[in-house]
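Here the structure is laid out as structure tokens; the discussion comes afterwards.
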């Protein structure tokens, strides 16, 4: 947006939900980075209403009940094989949000039901991650090769988002370049391309709505009725009770004449 302010962009409000992380240095640093980036973006007149970033404090069920029905897009971007993609994205699917995700955890189950063509799947598969583990992951290779990624990391490193404390995010940058077991940079290009596909589809409301409907129609497997029934049978070993519930406004049997 800053490079070409006259270009047409699909406006976005990015919401990132999380909790406080006492005693967990890296998690707190990530939360601080999110809020610092948001402060810069949200107050830049050149960006305007085309991009906003909001950190949702203490993300929990009562907040999710308000956010999930309002979302157009659900981003589940854990590295394949880390099983970090959980049932929350199924709730997004039930409520009509389309999914940007790696083939990880619950997202893989959703793709089986709706078809991968109705999700925005990107990034390495589990086998590719395992292969990269064998040959070695070099974050600096991506950092040096991708100008946009390098610019973003350099801005974080040099205090563009924390002018009062220029070295605030040094530990985070060091981790990404030297000790990142999630191999974030390896999926970067695929993620950017995926977001371009999202924007193109969103410009066509009719086609976007078709994909939304396909997702909702395929989400029945993830309803609470089905999941609780399966848990009851396979995990808890219990069957539904035969106790009959009287109709509304009808007194219990022992009080009837």
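Give the angle, between 0 and 90 degrees and rounded to the nearest 10, that separates the Cα long axis of helix 147-158 from the longest principal axis of the Cα atoms of the chain.
Approximately 90 degrees, to the nearest ten.
Project the alpha carbons of segment 12-255 onto their principal axes and report the range along each, largest first, in whole Å.
75, 45, 41
Kindly rank 103-115, 193-205 from highest to lowest mean number of other beta carbons found within 10 Å of each residue.
Final packing ranking: 103-115, 193-205.
For an R0 of 30 angstrom, estimate the FRET efficiency from the Cβ-Cβ distance between residue 52 and residue 148 and round to the nearest 0.05.
Numbers: r = 20 Å, r/R0 = 0.68.
Computed FRET efficiency for residue 52 and residue 148 comes out at 0.90.
Can you tell me the orientation of helix 126-135 relative to the chain, as the angle in degrees between its alpha-carbon axis and the longest Cα principal axis, to the nearest 10?
40
Count the DSSP beta bridges whose two residues both fall in the chain, then state the antiparallel fraction as a percent rounded to the nearest 5. Intermediate results must be reported in sequence, preceding the final value.
On the way: 0 of 12 bridges.
Expressed as a percentage, antiparallel bridges in the chain total about 0.
Give me the distance in nm between label points sitting 7 Å out from Cα along the Cα-to-Cβ direction at residue 197 and residue 221, one decimal.
My value for the distance between the label points is 2.0 nm.
Between residue 174 and residue 42, what is the spin-label point distance in nm, taking each point 7 Å from the Cα along the Cα→C-beta axis?
3.0
Quick check on the exposure proxy: order 15, 90 from fewest to most C-beta atoms within 10 angstrom.
Fewest-to-most ranking of 15, 90: 15, 90.
What is the angle, in °, between the Cα long axis of helix 188-202 and the longest principal axis of the Cα atoms in the chain? Nearest 10 is fine, range 0 to 90.
That helix lies at roughly 60 degrees to the long axis.
From Cα pairs below 8 angstrom and at least 6 apart in sequence, can you work out the relative contact order of segment 12-255, rounded to a whole percent? Show your work: numbers first, answer last.
Numbers: 278 pairs, mean separation 41.7, N = 244.
Value for segment 12-255: 17 percent.
If contacts are Cα pairs under 8 angstrom and at least 6 residues apart, what is the relative contact order of segment 31-147 in percent?
19
Multiply the residue separation of residue 207 and residue 239 by 0.36 nm, subtract the distance between their alpha-carbon atoms, and state the gained length in nm to one decimal.
7.2 nm
Suppose only helical runs count, i.e. DSSP H with n ≥ 4. What mean residue ellipticity at 222 nm does that imply for the chain under -39500 (n - 2.57) per run, divided by all residues and rounded to the nearest 500 deg cm²/dmol?
-13500 deg cm²/dmol
Residues in segment 14-32, backbone N under 18 Å from the label point at residue 64 (7 Å along the Cα-to-beta-carbon vector): list them, ranges by number please.
15-21
FYI, it's all coordinate maths here, none of it is from the lab. The structure displayed is predicted, hence computed values, not measured ones. All Cβ positions, even for glycine, are placed from backbone atoms using ideal geometry, and neighbour counts span all protein chains on display.
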